[in-house]
Amino acid sequence: MAQRYQLLIRDRHGFERTVPLTRSVTLGRQSLCDVVLSDNMISRNHLRLELKDDAWWAEDLQTTHGSFYKDQQLGRVTWEPGTPLRLADGAYTLTLMRTDQTSSELHLQAILETAQLLAQEIDLEDLLEQSLDRLLSISGTDRGFLMLLENGELTSRVQRNLGQELEGHIQLSMSSVHKVFETGDPVWILNVAEDQFLLSQHSIQRLELKTILCLPLVLQGKRIGVVYLDSRRPITEPPDRETFEAIVSLCAIAIERTRLSEENLRSHVLATVGQVASSIVHDFKNGLFVLRGHADLLDLSTDDTKVRHHCRKILECVDRLTHLSQDVLDFAKIREPNRETVDLLPFFEGIVEPMMSRAAEMGVALRAEGLPCLIKLDPSRFTRVMENLLANALDATTDMTGEVLVSWTQVTGGVQIRVRDRGKGIPKRVIKRIFEPFFSYGKKKGTGLGMATVKKIVEEHGGTLEFVSEEGMGTEVIILLPDHPITGAIKISEQSTGEHRNLGAGPA
């Protein structure tokens with residue numbers, strides 16, 4: 001039996017995929033490479049793997065960040081199977097592996113490994129990552145994405161080796177991808193040269209794609225999403241279509257099972273929060289009110305610095321527990337916003353002003369920037385939203401010279417509000433949990449309900465909330481409030497300035 005080889009590719013985040021090796025290939029960042037590696041540290045043409053006289057040779061293509069083999073910078077060397085090869089100081093780790101398995105054995109192994117997803121207790125994001133990586137590995141393709149149906153629309157949830165804007169980077173139009181989802185009819189093209197329609201498209205010729213697979217994720221006749229995969233390399237041993245479709249179906253079962261499990265858990269948490277709020281929080285707040293009153297009296301009745309110090313510590317704890325109690329009550333209750341016409345310019349200036357001194361002490365520029373704009377919202381409730389977001393932004397910018405900016409613009413059908421910082425950013429694993437009740441990140445003190453309450457208040461206003469963040473680059477929170485901004489805001493904004501400036505400064 002002829003010796004078979006596979007290339008195991010592991011990125012800096014720990015995600016793995018395997019690519020069958022049957023001929024010489026080029027690896028790099030540009031889409032014309034045989035194996036596409038999307039990390040910015042990778043050169044456009046980074047590494048050449050050449051099969052010569054039954055041995056594999058690895059050659060660095062004079063790259064900026066280099067390739068390393070046995071801890072030495074690589075020029076050209078014979079690559080021993082099983083010995084790792086690092087690209088760009090760890091952006092990717094490559095391992096050449098021998099395999100003597102037949103196609104049938106590989107297909108059976110793929111089915112068994114995919115079935116294991118059904119038994120794992122992992123969160124949805126990790127499951128989607130694993131599912132896409134597995135489908136890429138089994139199909140032998142290089143790039144792809146996975147979309148799920150959410151709120152009536154297909155939404156991209158995970159992708160590999162593609163730009164952020166999928167349209168223009170894939171070789172089917174997004175309308176064709178949606179058609180696969182709507183009809184349930186997959187696209188299964190193992191050789192583009194045999195498909196005259198696709199071959200006539202300039203982009204297909206330019207990228208010289210060989211394989212395009214697009215399949216719906218179906219569970220009991222219900223379509224829950226779609227997966228797209230493509231490759232420039234010819235697949236010498238393509239997966240059996242029926243086997244691969246069965247594997248995609250296993251992924252769909254695992255995804256829907258995990259999604260339902262998370263929804264049930266979330267419902268249980270919300271119900272528990274409501275029960276706690278209704279049974280003990282009001283009594284708890286009454287006790288805190290009495291405790292605060294006695295601490296205030298004790299503080300006023302003595303000149304002893306030690307006693308006054310202890311009083312202040314008591315009051316700090318009372319304030320924190322009162323804030324926690326209010327967060328629980330706010331989160332547990334569904335309230336119809338008490339809307340008023342608010343001019344966003346003085347409203348946000350009033351919220352920012354009390355935080356200026358803290359920001360100045362941190363060396364952070366805090367400002368609100370935008371044109372006068374009238375919109376209907378609940379001033380008291382929305383003040384809590386902005387105070388939470390600004391407090392988080394300042395915390396993220398601790399020990400750094402930076403800026404926190406609140407801005408807003410009128411858009412079609414509403415107003416878009418942005419809170420941007422240049423702080424440490426939020427890890428991807430945290431963003432997906434940031435709205436979970438009682439989840440806290442990066443704070444020694446916190447209720448764990450701040451962002452859950454923010455999301456709830458925004459949704460009570462009929463709005464949407466989006467986080468855009470990258471570690472080391474900062475975070476931007478984007479709120480879209482549906483409304484019909486009042487025309488002539490500049491002319492009449494002075495009438496509302498005084499009224500709503502005070503609303504931003506007071507406690508929520």
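The values are calculated or read from the model by the stated rules, or taken from the named source; none is laboratory data. Since we're looking at a predicted model, the values are computed, not measured. All Cβ positions, even for glycine, are placed from backbone atoms using ideal geometry, and neighbour counts span all protein chains on display. These accessible areas exclude ligands, DNA and RNA; they are computed on the full protein's heavy atoms, side chains included. Shrake-Rupley method; radii C 1.70, N 1.55, O 1.52, S 1.80 Å.
Report, to the nearest whole %, how much of the accessible area of region 291-415 belongs to carbon and sulfur atoms, 1.4 Å probe, protein only. On region 291-415, the fraction of accessible area on carbon and sulfur atoms equals 55 percent. In the assembled protein chains, residue 428 presents an accessible area of approximately 130 Å² (probe radius 1.4 Å). A 1.4 Å probe run over the protein chains yields, for region 12-104, 51 Å² of accessible area per residue, whole-number rounding.
Quick check: from the Cα gyration tensor, does region 331-398 come out rounded (a/c under 1.5), prolate or oblate? Taking the square roots of the gyration eigenvalues as a ≥ b ≥ c, region 331-398 is oblate.
To the nearest 10, the accessible area of residue 33 is 0 Å² with a 1.4 Å probe. Protection proxy ranking for 449-460, 134-145, using the average of other Cβ atoms within 10 Å per residue and placing the highest first: 134-145, 449-460. Just want to confirm a number: the relative contact order over region 21-107, from Cα pairs under 8 angstrom separated by 6+ residues, in percent. This gives 19 percent for region 21-107. Taking amide H positions as modeled 1.01 Å from N, with prolines and chain starts lacking one, the residues under 5 Å from residue 34 and 5 or more places away or on another chain are 26.
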